[in-house]
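The values are calculated or read from the model by the stated rules, or taken from the named source; none is laboratory data. Here the structure is a predicted model, which means the values were calculated and not measured. Neighbour counts run over all protein chains shown; Cβ positions are idealised from the backbone, glycine included.
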Amino acid sequence: MLKYFKWFWTYWKRTKLALLFITLFTILTIATKISYPLFLKFVIDELSKDYQVDHAYKLVFFFLLLSLVREILWEALPLLRATMNGLYTAWMRNNYFQTLTKKANSFFIKFKTGDLITRLTDDLDGSWVRICWYSCSGIFRPLEAILILSFSLSVMFSYSVKLTFFTFLPLPLLVYIMHKLEEKILRYTDEKQKSISRCNNILEACFSGIKVVKTTLSEQYQYQQYQNAIADRINKEKKFLKVNQLVHFFTMMVNHFGTVVVILIGSFYVSKGEITLGTLLMFLMYLKNLIDPIYTLSFFWASSKQIFQYVERLMNIDETQCNLSDGDMGEKLDEFKELEFKNVSFKYEDVQESILKSISFKIQKGEKIAIMGAVGCGKTTLLELISRNLVPTGGEMLVNSLPMENISRNSFLKYLGHVRQENILFSESIRRNIVLGDDFMEESISDAVKNSLLEKEIKSFQKGIDTLVGAKGSLLSGGQKQRLAIARTIIRKPQLLLMDDCTASMDAQTESDFWKQFNENHQNCCSIIVTHRVSTAKQADRILLMSDGTLKEINLPNLEHVWSEVRLQETEI
C-alpha cells in the first residue's frame, strides 16, 4: 500500500498548501455538522422545561442560522475537492503522455494502443471511483468520516456510554465481511479493466484499418469480434458490480440494525428517566450522521483496492524499461560527416534468431546508398537502429567516429530525417502536417512543397495548404501521402536522410521527376534509400543487397539479374 501512496505523493507535494486549506476547511465543516444535533437537543430540552415565546424565537433563529452556515460549508467542500481532482488528472495525463512519447518502439510492441488509451482515460477518470476521484476526494472523504465519528462518539459517550456501546455492537461483523470480500474485489477490478482494454484494442484496430475491412467484406467478422469482447466486458462488469453491491448491502444493513437498537434501548432509557427525549433524538440524528461515515470508511477500504489496481497499471508503464536514451545526455554534434556500422547485430525479444548479423558498411556526407532485399529481411530494422529507436544487440555504430551511444540523442536527431514506409499523418491541415509545431518561414514551406512535387495538387484544393487531410490522411492518395511525408522531412534540411520505400506509391513519371528535384537540391545530403524498385536503386552511388541478415555490395551491371533472383525466391516462398 505504501508504494501506491508514494506514487500519489509525487502529485500531492505540489499542492501542499491547497491540501492544508482543504483539511482545515473540512474540520470547520464537520464542526458545524456535529454541532447541529447537539444544538437541536438543547432546543428541545429547553422548550420542554418552560416554554417562553421570546426565548423560543431566539432558539429557532440561531438554529436556522446554524443550518444555513452548515449547508453552505457542506456544499463548498465537494467543490474544492472536485477542483483538485481535475488538477491532478491534468497533471497525471500530461505526465504519462510525455512518458509514453519517450518510450522506444519495443514498448509499443508490448502494449497495444487501445490498452494505453484505457489506462490514460478510463483508469484515470472514466467513472467517479477512479484515480482522479481518489487523488483528493477519495482521501478526504475518510478524513471527513473519521472526524464525524470521533466528534460524534465523544458527544454520545458523554451522554450515555451504554447506549453508544449498543449502537456499535454490529461493527465486528462488518469488518469480517469486508475481509472475506477483499480478494474478489481485487480480482474482479483487474479483470474488468482488462476487458475494457480489449474492447478499445478491437475498436482502434478496426477503425485504423477500416479500408481493409471494407475491401475484404470482413465487417461481420469485426462485428463478431467486438460483440464477443462486449459480452466478456458485460460479464466482468456484472461480477464486479455484484461484489460491490454486496459491500454496500452489508454496510447499510449493519448501520440500520444499529438504528433499531438505538430506538428500542433508547426508548427504554427515556421511560426510566436516564436520558431526556432531546438526548434520544440527538442519538438518532448522530446515528443517521454515522451511517454515511461508516459506509465511507468501508467503501474507502474497498475502493482503495480498486484504485491501487488502476495505479499499478500506470506504474507498469513506468517500470517497463523501454525508454530511449536521455535526449541531451552525451556529446553534441556540430555537423554530420559519416556513419559507420561495425559488425552490428540485432535480435528482437522472444525471437531466437538475429534479424541482422554482423552488418558492416560506411557512408559519408553527400553519398547515397540504396539497400535492397526481400520483404521482411531487416531493411526497416536497420533504419530504426540508425534512428535510435532500437538498440543493437551486438557490434558498434559510429557517427563521426564516435560511438552512437555516447552522442546526445537530440543533437543527432537534429541532423537526421526519416521518411518511413508507413506514411503517418495527423488529422490536421497539410501545413500543420509539414511544420509539426515548428516555426518555419513561408518560403521554406513553399520550397518543401515544391521539392516534394505537391505544389500542383495543393493548388487544386479549395483551401490550399490549409486543407484538412482527414483521419490519418484519408482524403489523400497513397502517392500524395508519401510526398507529404517527404515534404515534412526535407523542410528540416537533414544531413542524414533515411528513406524507407518512400516512392513505392508514386507512378514512374512522378518518381523520375521527384529524384531529379531531389538530386538538384540535396547534393550534400547523405542518403540511405531502402527500395524494391531497380529504378530507384539506380539513383544511388552504391547498392547493397540484404540477405540472411547480412549486407553485400552489388555492381550496377549485375543489379537487374541479382534482383530478379531475389524476386524469384520470394515467389517460391
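Among the residues of segment 419-438, are any of a type in the set (Phe, Trp, Tyr) and over 25 Å from the mean Cα position of the chain (by Cα)? The answer is no; no qualifying residue exists. Look at segment 195-213: where a residue is crowded, with 18+ Cβ neighbours inside 10 Å and a partner is part of a loop (DSSP other than H, G, I, E, B) and at pLDDT 75 or above, sitting 6+ places away or on another chain with Cβ atoms under 7 Å, you get ASN201/LYS112.
When ASN94, ASN85 are checked against the criterion of being in a helix (DSSP H, G or I) and closer than 20 Å to PHE21 by Cβ, a single residue qualifies: ASN85.
Within segment 468-489, residues that are β-branched (Val, Ile, Thr) have Cβ atoms under 9 Å from residues that are surrounded by fewer than 18 Cβ atoms within 10 Å (Cβ to Cβ) in these pairs: VAL469/PHE426; VAL469/SER427; VAL469/GLU428; VAL469/SER429; VAL469/LEU475, counting only partners at least 6 apart in sequence or on another chain. Residues in segment 456-470 that are crowded, with 17+ Cβ neighbours inside 10 Å and assigned to a helix (DSSP H, G or I): 3 in all. Just checking, which of PHE151, PHE157, PHE140 is touching a Leu at 6+ places or on another chain (Cβ under 9 Å), aromatic (Phe, Trp, Tyr) and more than 30 Å from ILE202 (Cα to Cα)? Only one candidate passes the filter, namely PHE140. Being within 38 Å of the chain's Cα centre (by Cα) and closer than 24 Å to ARG431 by Cα holds for only one residue in SER527, SER452, SER460, and it is SER452.
The set of residues from segment 131-172 being surrounded by 19 or more Cβ atoms within 10 Å (Cβ to Cβ) and charged (D, E, K, R) comprises ARG141, GLU144. Among (1) over 20 Å from ASN524 (Cβ atoms); (2) at pLDDT 85 or above; (3) in the same structural domain as ILE554 (by TED's automatic domain parsing), there is one condition ARG432 misses while meeting the rest; what is its number? Answer for ARG432: the failing condition is (3). Against the criterion of being among the β-branched types (Val, Ile, Thr), in a helix (DSSP H, G or I) and surrounded by 18 or more Cβ atoms within 10 Å (Cβ to Cβ), THR99 does not qualify. Screening LEU59, LEU68, LEU73, LEU38 for residues that are at pLDDT 85 or above, more than 24 Å from SER304 (Cα to Cα), in a helix (DSSP H, G or I) and over 40 Å from the mean Cα position of the chain (by Cα) leaves exactly one candidate, LEU68. Answer with yes or no whether ASN343 is of a type outside the set (Gly, Ala, Ser), surrounded by fewer than 17 Cβ atoms within 10 Å (Cβ to Cβ) and at pLDDT 90 or above. Yes; evaluated as a whole, the condition is true for this residue. Filtered by the rule that a residue be over 30 Å from MET315 (Cβ atoms) and buried (at least 16 other Cβ atoms within 10 Å of the Cβ), segment 10-34 gives PHE25, THR29, ILE30, THR32, LYS33, ILE34. Considering (1) of a type in the set (Phe, Trp, Tyr); (2) within 30 Å of ARG388 (Cβ to Cβ); (3) modelled with pLDDT of 80 or more, the lone condition that TYR159 does not fulfil carries the number (2). Can you confirm whether LEU453 is assigned to a loop (DSSP other than H, G, I, E, B), surrounded by 17 or more Cβ atoms within 10 Å (Cβ to Cβ) and outside the structural domain of LEU383 (by TED's automatic domain parsing)? Judged against the criteria, LEU453 is a match. Residue check: is SER427 surrounded by fewer than 19 Cβ atoms within 10 Å (Cβ to Cβ), of a type outside the set (Phe, Trp, Tyr) and assigned to a loop (DSSP other than H, G, I, E, B)? Criteria met by SER427.
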